[in-house]
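Engineer: Structure below; questions to follow.
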Amino acid sequence: MLLENKVAIITGATRGIGLAIARRFAKEGCQIAFCARSRNEKMIQVEQELADTGVQAKGYAVNVADYQEAQAFVAEVMQDFGHIDILVNNAGITDDSALKRMTEEQFDHVVGVNLKSVFCMTKAIQPIMWKQGHGSIVNIGSVVGIAGNYNQANYAASKAGIIGFSKSCAKEFAARNIRVNIVCPGFIETEMTAEVPTELMNTWCSRIPMKRPGTADEVAQACLFLASDMCPYITSVVLPICGGMEDA
Ligand code: NAI
């Protein structure tokens, strides 16, 4: 198994891509500390499902965009699990509109969650990985952060910011054997994209060379590769998972 005896923190893992990553990692023997904003029925269900595969798994209610909460979360995971080998910064939101209608609040909210959460969690985990002398951080960006998108200037800015932030950390952490990579999904079918009208969905798919959306597990498999010891010399890489979309 690729992640046996490793401990991973996965943010935003009660559904969508985060949940697929948690499932994939658990199958590979990884112990999972995951979070979402609240401890609800779904979190308990996920905890149970992961534990049923034979790994230690615990869900935490955390706002990962809050500096103090992120610090407390990582400290609690250390107490519960003893070490942390992998961090997947997956939590993210959208709040779309054309720039001419976009409010300051919409911009601050999306950048404040998507980009700041990556800063907060990386700051909290860095001293631990530094002391261990190893670690793999996988940040979930988006092809929109590379190519831009209509009605998503706030989201694109947050995801482009994640790329710059990650590449800077990759340089700073490399000598301590801590790798930082960015996975950039294209159009992936999840609860987040379920709200997209069918007509728009079909237009998007027609522009994808593979003519279909990706699955959450296809993103999870890329995260597994980058999180595992299969690629010890890969850091600072931006990996699009997008069915060949041209400008990604
Ligand atoms: P989703 O909306 O299904 O799940 C997002 C998760 O993040 C939820 O569990 C939610 O509780 C959690 N979350 C949000 N804000 C949080 C906060 N402040 N603190 C803690 N948890 C928080 O989203 P989906 O589609 O699974 O996306 C996951 C990641 O992949 C996001 O970063 C998204 O931007 C990115 N992505 C998704 C694409 C898609 O087509 N679905 C395409 C490109 C990137």
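Engineer: Given 211, 167, which one is on the phi > 0 side of the Ramachandran plot and away from the ligand (no atom under 12 Å from the Cβ)?
Structural biologist: 211
Engineer: Also, quick follow-up: Out of all the residues in the stretch 184-208, which are open to solvent by less than 80 Å² (accessible area, probe 1.4 Å), more than 9 Å from the ligand (Cβ to nearest atom) and either of a type in the set (Asp, Glu) or touching a residue at least 24 places away in the same chain (Cβ under 8 Å) (or both)?
Structural biologist: 208
Engineer: Among the listed residues 159, 167, which satisfies the condition of being charged (D, E, K, R), within 15 Å of residue 116 (Cα to Cα) and in contact with a Ser or Thr (Cβ under 6 Å, 6 or more places away or on another chain)? Spell out how you get there, then give the answer.
Structural biologist: Numbers: 167 fails: within 15 Å of residue 116 (Cα to Cα).
On inspection, the qualifying residue turns out to be 159.
Engineer: Given the conditions (1) more than 26 Å from residue 34 (Cβ to Cβ); (2) surrounded by fewer than 19 Cβ atoms within 10 Å (Cβ to Cβ), report the number of the one that residue 156 does not fulfil.
Structural biologist: Condition (2) is where residue 156 drops out.
Engineer: Give just the number: which of (1) surrounded by fewer than 24 Cβ atoms within 10 Å (Cβ to Cβ); (2) under 14 Å from the mean Cα position of the chain (by Cα); (3) among the hydrophobic types (A, V, I, L, M, F, W, C) does residue 118 not satisfy?
Structural biologist: Every listed condition holds for residue 118 apart from (1).
The values are calculated or read from the model by the stated rules, or taken from the named source; none is laboratory data. Given the structure is predicted, the values throughout are model-derived calculations rather than measurements. Quick reminder, even Gly has a Cβ in these numbers, built from the backbone with ideal geometry, and neighbours come from all protein chains shown. The protein model used for the area step is the full one, side chains on, heavy atoms only, and it has no ligands, DNA or RNA in it. Shrake-Rupley method; radii C 1.70, N 1.55, O 1.52, S 1.80 Å.
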